[in-house]
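Notes to accompany the following structure.
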Amino acid sequence: MSEQARRRPPKPYRRPQKDPVRMLAFEALRAVDERDAYANLVLPPLLKKAREQGDFDTRDAALATELVYGTLRRQGTYDAIISACIDRPLREVDPPVLDVLALGAHQLLGTRIPTHAAVSASVELARVVLGDGRAKFVNAVLRKISQQDLDAWVAQVAPPYDKDPEDHLAVVHSHPRWVVSALWDSLGGGRAGIEDLLEADNERPEVTLVARPGRSTTEELAAATETLPGRWSPYALRMAEGGEPGAIEAVKDGSAGVQDEGSQLVAIALANAPLDGPDSRWLDGCAGPGGKAALLAALASERGAFLLASEKQPHRARLVERALAGNPGPYQVIAADGTRPPWRPGSFDRVLMDVPCSGLGALRRRPEARWRRRPDDLDGFAPLQRALLTEALSAVRVGGVVGYATCSPHLAETRVVVDDVLKKVGGAELIDARPLLPGVPALGEGPDLQLWPHLHGTDAMYLALIRRTA
């Protein structure tokens, strides 16, 4: 070492600088990983707190939201790329380090943030939350990632389609292989359809409002905020990007709500189904958190019908009460188990049973669900789904109609359940649900219907309508 170098004073220690946007995104990802939280539940209170503290403006909130959801949606692809840049199995990397790396990878490969800014901001985040030692590791990995764009990386880490089509699609479109396989089966084959669906799952969904009949109109809602008409539901409006539904007075007072258009269509189809006999008593047997129940209650009130909304979990029943508060027609909310119901058989003219399921139809809104679910989860849902549909068919009178709905296109949760129950119960028949949604294309071969993100811009809702005949 030269004499000059020995005399040079050491560089002063620089305290890492906290970036509130990336800190918030990291905090949200850790909650998803550590507590099995859902980003759509974790993120809003974090953003609200940041705004109240004066740390965030609208642009900051938009960036934080993009970093969280973009990282979760592309997690599978980013994991494959990160694996190619390190010398150990991914499972041996601490989860907080992986979160920082994935956030950095998304900034490099999935946004327009300049390369130097993406790397330096991620390394600075690592210094704050991981320490200087692991920040050096993050820096080295992200510099490797920055050497290629997303397309080049995908071409390197994804197996060729002709050798393993499912694994190729899983890496390219960031879905677990088993989910790719299940969705492909539900679509009925063909590469174009499955690729369109997987791409749609990775797009940010629009915020859709519902104007509850008798309480508000789409014209009133359109005058209150910047919106576009819904594609299919006469009660729907699509909000412009960046709109705040919670700031709309009609949403605050419950005369309107936030509800995916697919969810609206399920309620509309059941309400429009032809009946034999009276039409005065309706049941929503799995009503939480209350979106479909609120629309059904509003539709029922227009006909002078009564709605009973039942939800097993008391805290979710309270959400239903909140959603239905102010409905002009008669209704009641109870906490009850739909598999052991307190009502008498044959009590209702219309019954909706929107059963608990894997949620594979809402991966746009809950991207982390694709990584959290396992194939054997469906075995856990199966007995409950069959029991709820069986009790729904018992609850409806002869001539009445049951709607069996799921937010999943998986055949094991849709058509297989319906077929199994109809074989055992008897005295019931499927009716064609498709004509009840006039103008909505590509609903399937019938008589049940399946909505799709890539075809309808909705969650992948399924509906079978069943008339009680004996």
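Would you point out which residue out of 225, 218 is touching a strand residue (DSSP E or B) at 6+ places or on another chain (Cβ under 9 Å), free of Cβ contacts under 8 Å to residues at least 40 places away in the same chain, among the β-branched types (Val, Ile, Thr) and more than 24 Å from residue 57 (Cα to Cα)?
Only one candidate passes the filter, namely 218.
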> If you take the residues of segment 414-431 that are part of a loop (DSSP other than H, G, I, E, B) and more than 27 Å from the chain's Cα centre (by Cα), which of them is surrounded by the most Cβ atoms within 10 Å (Cβ to Cβ)?
Replying inline: 427
> Do we have any residue at all in segment 235-255 that's in a loop (DSSP other than H, G, I, E, B), surrounded by fewer than 18 Cβ atoms within 10 Å (Cβ to Cβ) and modelled with pLDDT of 95 or more?
Replying inline: no
>> Restricting to segment 175-186, name every residue that is surrounded by 19 or more Cβ atoms within 10 Å (Cβ to Cβ) and either of a type in the set (Val, Ile, Thr) or not in a loop (DSSP other than H, G, I, E, B) (or both).
In response: 179, 180, 182, 183, 184, 186
> Among (1) free of Cβ contacts under 8 Å to residues at least 40 places away in the same chain; (2) within 28 Å of the chain's Cα centre (by Cα); (3) open to solvent by less than 20 Å² (accessible area, probe 1.4 Å), where does residue 126 come up short?
Replying inline: (2)
> Failed condition for residue 86, given (1) open to solvent by 20 Å² or more (accessible area, probe 1.4 Å); (2) without any contact (Cβ under 8 Å) to a residue 24 or more places away in the chain, with all others met?
Replying inline: (2)
>> Any residue in segment 41-55 that is within 20 Å of residue 289 (Cβ to Cβ) and without any contact (Cβ under 8 Å) to a residue 24 or more places away in the chain sitting within a Cβ distance under 9 Å of a residue that is open to solvent by 70 Å² or more (accessible area, probe 1.4 Å) and part of a helix (DSSP H, G or I)? List the pairs, counting only those 6 or more apart or interchain.
In response: 42/27; 42/35
> If we keep just the residues of segment 315-328 that are of a type outside the set (D, E, K, R) and surrounded by fewer than 17 Cβ atoms within 10 Å (Cβ to Cβ), which is nearest to residue 469 (Cα to Cα)?
Replying inline: 328
>> One residue is enough: does segment 198-220 have a residue meeting the conditions open to solvent by 30 Å² or more (accessible area, probe 1.4 Å), assigned to a helix (DSSP H, G or I) and either closer than 28 Å to residue 410 by Cα or of a type in the set (Phe, Trp, Tyr) (or both)?
In response: yes
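Being part of a helix (DSSP H, G or I) and without any contact (Cβ under 8 Å) to a residue 12 or more places away in the chain is the filter here, so list the residues in segment 313-354 that pass it. Even if it seems obvious, please write down each step before you answer.
Of all residues in segment 313-354, those part of a helix (DSSP H, G or I) come to 314-324.
Residues satisfying the conditions are 315, 318.
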> Of all the helices (runs of 4 or more DSSP H) wholly in segment 1-112, which have at least 2 residues that are modelled with pLDDT under 95 and among the aliphatic types (A, V, I, L, M)?
Replying inline: 39-52, 58-73
>> Just to be sure before I move on: is residue 380 open to solvent by 20 Å² or more (accessible area, probe 1.4 Å), of a type in the set (Gly, Ala, Ser) and free of Cβ contacts under 8 Å to residues at least 40 places away in the same chain in the structure I sent?
In response: yes
> Among the residues of segment 384-413, which ones are open to solvent by less than 10 Å² (accessible area, probe 1.4 Å), in contact with an Asp or Glu (Cβ under 7 Å, 6 or more places away or on another chain) and not aliphatic (A, V, I, L, M)?
Replying inline: 385, 399, 400, 406
> Listed residues 127, 212; which is basic (Lys, Arg), on the phi < 0 side of the Ramachandran plot and out of contact with any Pro (no Cβ under 6 Å at 6 or more places or on another chain)?
Replying inline: 212
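The values are calculated or read from the model by the stated rules, or taken from the named source; none is laboratory data. Quick caveat: nothing in here was measured; it's all calculated off a predicted structure. Counting neighbours? That spans all protein chains shown, and the Cβs are built from the backbone with ideal geometry, glycine included. Protein only, heavy atoms only, side chains kept; ligands, DNA and RNA dropped before computing areas. Shrake-Rupley method; radii C 1.70, N 1.55, O 1.52, S 1.80 Å.
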